[in-house]
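Each remark here refers to the structure printed beneath this line.
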Amino acid sequence: MDRDMVNMFAIAAGTLAIPLLLFMASFMLWPSSLIKVYYWYWRRTLGLRVRHADCGGYRFCYSYRGKPGLRPSVLMLHDFSAHKDTWLPMVKYLPKHLHLLCVDMPGHEGTTRTNTDDYSIQGQVKRIRQFVEAIRLNRKPFHLVGTSMGGTVAGVYAAYHPSDLCGLTIICPVGLKNQMESQFDSQMHEVEHSQYTLNIPLIPSTPEEMEEMLKLCSHVRFRVPQQILQGLVDVRIPHNDFYHEVFMEIMSENSKYALHEHIQQITTPLQVIWGKQDQVVDVSGAALLTEALPGCRVDLLENCGHSVVMERPRQTAKLILDFINSQIYFKHSTDVMK
């Protein structure tokens, strides 16, 4: 092999090695940046675009895909201390022509955060209605989906604004009375007994605490590399004081049982999805909702914890889509009978 050929291979190898080394350095030194790039790439791959909606000096950040059509639009509300990209694993399995919107909840990620805002469940409902009106989503009844804290906000929204909705899906919602105690409830008793000198399990500040939180929230055991755990913590730490504020607000007397206090006002067709092995909010809450609203549909998922969207994205997408289609069929049949 002549010298020119050797040089060519050397240059090619060097050209390939440089980006690989940069990637490895980034992974080791700035894992949080890679996590952000990862979400950006996934949104782009799934065809989601990020937009902002301004309303009276308050800005909402949301991602969307598709346009309003024959099927209802779907608005999705994420969990406590999460963000709009929480829904990406499930969005992957939803039809691309379906009009989807994933909004950052008040104060979370790209949505405005203020010291004077009301982050109680009722306060968040007011903000989400503000968002809905800002983008004129309620020109036509839409389907509302929420998980955990977002599920509670969705349920109370349905109680306050039934004419906005044609359907409601709540996933492992908080805010019900008389449930069986979960592992998280037991941990919170210890935190409260310590007068909050112990950390709240859902607000990790070290990779070890992040790993414990993932074990608490998920029945499926994901093997997460240490650098990724560090990156997840690095992304959250600047916001932990805010998360603590929101947590105390939604656990206050005014908000703690907000869903329970508004159950009887929910007239929107309701679907409840719950992981049978939920260690954060006990699955016994599904029976309480069925008892209060006998007409609701309940889907309990085997070998699944609190992070339903992450653990069972394909199944969850199918269940929600089936429920939406069943409501369209029911409405069509009712219209024909008239």
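Considering Leu101, Leu88, which residue is open to solvent by less than 10 Å² (accessible area, probe 1.4 Å), under 23 Å from His239 (Cβ atoms), in contact with a helix residue (DSSP H, G or I) (Cβ under 8 Å, 6 or more places away or on another chain) and in contact (Cβ under 8 Å) with a residue 40 or more places away in the chain? Sole residue among the options that is open to solvent by less than 10 Å² (accessible area, probe 1.4 Å), under 23 Å from His239 (Cβ atoms), in contact with a helix residue (DSSP H, G or I) (Cβ under 8 Å, 6 or more places away or on another chain) and in contact (Cβ under 8 Å) with a residue 40 or more places away in the chain: Leu88. Of the residues making up region 196-216, those that are in contact (Cβ under 8 Å) with a residue 24 or more places away in the chain and β-branched (Val, Ile, Thr) are Ile200, Ile203, Thr206. In summary, Trp40 fulfils each of the numbered conditions (1) open to solvent by 50 Å² or more (accessible area, probe 1.4 Å); (2) closer than 30 Å to Gln122 by Cβ with the single exception of condition (2). Residues in region 294-304 that are at pLDDT below 95 and within 12 Å of Ile263 (Cβ to Cβ): Pro294 only. In this structure, is Gly107 small (Gly, Ala, Ser), part of a loop (DSSP other than H, G, I, E, B) and open to solvent by less than 30 Å² (accessible area, probe 1.4 Å)? Yes; evaluated as a whole, the condition is true for this residue. One residue is enough: does region 247-261 have a residue meeting the conditions farther than 30 Å from Thr112 by Cβ and among the charged types (D, E, K, R)? Checking region 247-261: not a single residue is farther than 30 Å from Thr112 by Cβ and among the charged types (D, E, K, R). The single residue among Ile273, Ile266, Ile320 that is modelled with pLDDT of 95 or more, touching a helix residue (DSSP H, G or I) at 6+ places or on another chain (Cβ under 9 Å) and either open to solvent by 10 Å² or more (accessible area, probe 1.4 Å) or charged (D, E, K, R) (or both) turns out to be Ile266. Within the group Arg65, Arg51, which residue is over 23 Å from Leu168 (Cβ atoms), modelled with pLDDT of 95 or more and out of contact with any Pro (no Cβ under 8 Å at 6 or more places or on another chain)? After ruling out the rest, the residue left standing is Arg51. Scanning region 118-138 for residues that are modelled with pLDDT of 95 or more and open to solvent by 10 Å² or more (accessible area, probe 1.4 Å) yields Gln122, Lys126, Arg127, Arg129, Gln130, Glu133, Ala134, Ile135, Arg136, Leu137, Asn138.
Looking across region 283-297, the residues that are in contact with a strand residue (DSSP E or B) (Cβ under 9 Å, 6 or more places away or on another chain) and surrounded by 15 or more Cβ atoms within 10 Å (Cβ to Cβ) come down to Val283, Gly285, Ala286, Ala287, Leu289, Thr290, Leu293, Cys296, Arg297. Among the residues of region 251-262, those that are open to solvent by less than 10 Å² (accessible area, probe 1.4 Å) and hydrophobic (A, V, I, L, M, F, W, C) comprise Ala258, Leu259.
Taken together, Leu48, Leu94, Leu144 contain a single residue that is touching a strand residue (DSSP E or B) at 6+ places or on another chain (Cβ under 9 Å), open to solvent by less than 10 Å² (accessible area, probe 1.4 Å) and not hydroxyl-bearing (Ser, Thr, Tyr), which is Leu144. Among the residues of region 147-166, just one is part of a strand (DSSP E or B) and surrounded by 24 or more Cβ atoms within 10 Å (Cβ to Cβ), namely Thr147. Scanning region 220-244 for residues that are within 22 Å of Asp278 (Cα to Cα), within 18 Å of the chain's Cα centre (by Cα) and among the β-branched types (Val, Ile, Thr) yields a single hit, Val220.
Residues of region 167-209 that are among the hydrophobic types (A, V, I, L, M, F, W, C), closer than 17 Å to Val283 by Cα and open to solvent by less than 80 Å² (accessible area, probe 1.4 Å): Ile170, Ile171, Cys172, Val174, Leu176, Phe184. Within the set Gln122, Gln130, Gln179, the sole residue that is in contact (Cβ under 8 Å) with a residue 24 or more places away in the chain and either touching an Asp or Glu at 6+ places or on another chain (Cβ under 6 Å) or among the basic types (Lys, Arg) (or both) turns out to be Gln179.
The residues of region 64-91 that are outside any loop (DSSP other than H, G, I, E, B) and polar (S, T, N, Q) amount to a single one, Thr86.
Counting the residues of region 270-299 that are under 21 Å from Val220 (Cα atoms) and in contact with a Gly (Cβ under 8 Å, 6 or more places away or on another chain) gives 7.
The values are calculated or read from the model by the stated rules, or taken from the named source; none is laboratory data. This one's a predicted model, so the numbers in the text were calculated from it and none came from an experiment. So basically every Cβ, Gly included, is an ideal-geometry build from the backbone, and we count neighbours across all protein chains shown. For the accessible areas, the whole protein counts, side chains as well, though only heavy atoms, and no ligand, DNA or RNA atoms are used. Shrake-Rupley method; radii C 1.70, N 1.55, O 1.52, S 1.80 Å.
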